[in-house]
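Heads up: the structure comes next, in structure tokens.
The values are calculated or read from the model by the stated rules, or taken from the named source; none is laboratory data. Everything numeric here is computed off the predicted structure, so don't read it as measured data. Cβ coordinates were reconstructed from backbone atoms using ideal geometry, including for glycine residues, and neighbour counts include every protein chain displayed.
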Amino acid sequence: MKNIVILISGTGSNMAAIVKTAQRDAWKDRFGARVAAVISNRADAKGLAFAAGQGIATAVLDHKGFASREAFDAALAELIDRYENPAEPLLLVLAGFMRILTPGFVRRYEGRLLNIHPSLLPAFAGLHTHQRALDEGCKVAGLTVHQVTAELDHGAILAQAVVPVLPDDTAETLAARVLTQEHLIYPQAIADLLRHC
């Protein structure tokens, strides 16, 4: 069984979309894959309650308890690896995990570490993507599912979705429209990856 571990920091809406899709589309039977755990760096992350309610293992590792990013990432990797099946390398999915990961951590999970970013990469890497798109006068915006590399918001693009920028959009209304697409595209991109590995 290929275990999927999802990292979150907040509401976990993308995580919930992945879990629901995995259940609805029987990933366990089709791909031999399941969401094995949801881990957060914040004890108050609302997504933890959803995951626990679905019978998924949850854990909290507060980054504030560590002296450095490297120390936190080492402890996080140790926690993640508890869910690895020796016969099948796990898939690690970032779903609103608001931490920049160290190069050593990224290398450890190279090729099996995914993220979703709320812009059409390579445009608008980093934060405040929706406001930046509006400020630049973009006619479209969107999202990108990509493999994670040591360089922030880079890596092989696995899927993208485009949404129009409307004349009266604010950063909030644009973000809400992009998020609706995230909930569709992220699970689909993961399923496509599972289908071919």
Exercise for review: List the number of the failed condition for A71; all other conditions in (1) loosely packed, with under 14 Cβ neighbours inside 10 Å; (2) within 27 Å of V162 (Cβ to Cβ); (3) at pLDDT 95 or above hold.
Suggested key: (2)
Point to revise | Subset of segment 18-43 (residues that are part of a helix (DSSP H, G or I) and more than 23 Å from I100 (Cα to Cα)) | key: V19, K20, T21, A22, Q23, R24, W27, K28, D29, R30, F31
Revision key, fill the gap. Within segment 164-192, the residues that are within 14 Å of R132 (Cβ to Cβ) and of a type in the set (A, V, I, L, M) are V165, A171, L174, A175, V178
Point to revise | Selected residue [modelled with pLDDT of 95 or more, more than 22 Å from K20 (Cα to Cα) and of a type in the set (A, V, I, L, M, F, W, C)] from V93, V165 | key: V165
Review point. Does segment 19-27 include one or more residues that are more than 17 Å from Y186 (Cβ to Cβ), touching a residue at least 24 places away in the same chain (Cβ under 8 Å), in contact with a Phe, Trp or Tyr (Cβ under 9 Å, 6 or more places away or on another chain) and not hydroxyl-bearing (S, T, Y)?
Key: no
Point to revise | Subset of segment 28-57 (residues that are within 20 Å of L184 (Cα to Cα) and not aliphatic (A, V, I, L, M)) | key: K28, R30, F31, R34, G47, F50, Q54
Exercise for review: State which residue is farthest from R108 (Cα to Cα) when the search covers only segment 151-170 and only residues that are of a type outside the set (D, E) and surrounded by fewer than 15 Cβ atoms within 10 Å (Cβ to Cβ).
Suggested key: P167
Revision key, fill the gap. Within segment 44-60, residues assigned to a loop (DSSP other than H, G, I, E, B) and out of contact with any Ser or Thr (no Cβ under 8 Å at 6 or more places or on another chain) come out as D44, Q54, G55, I56
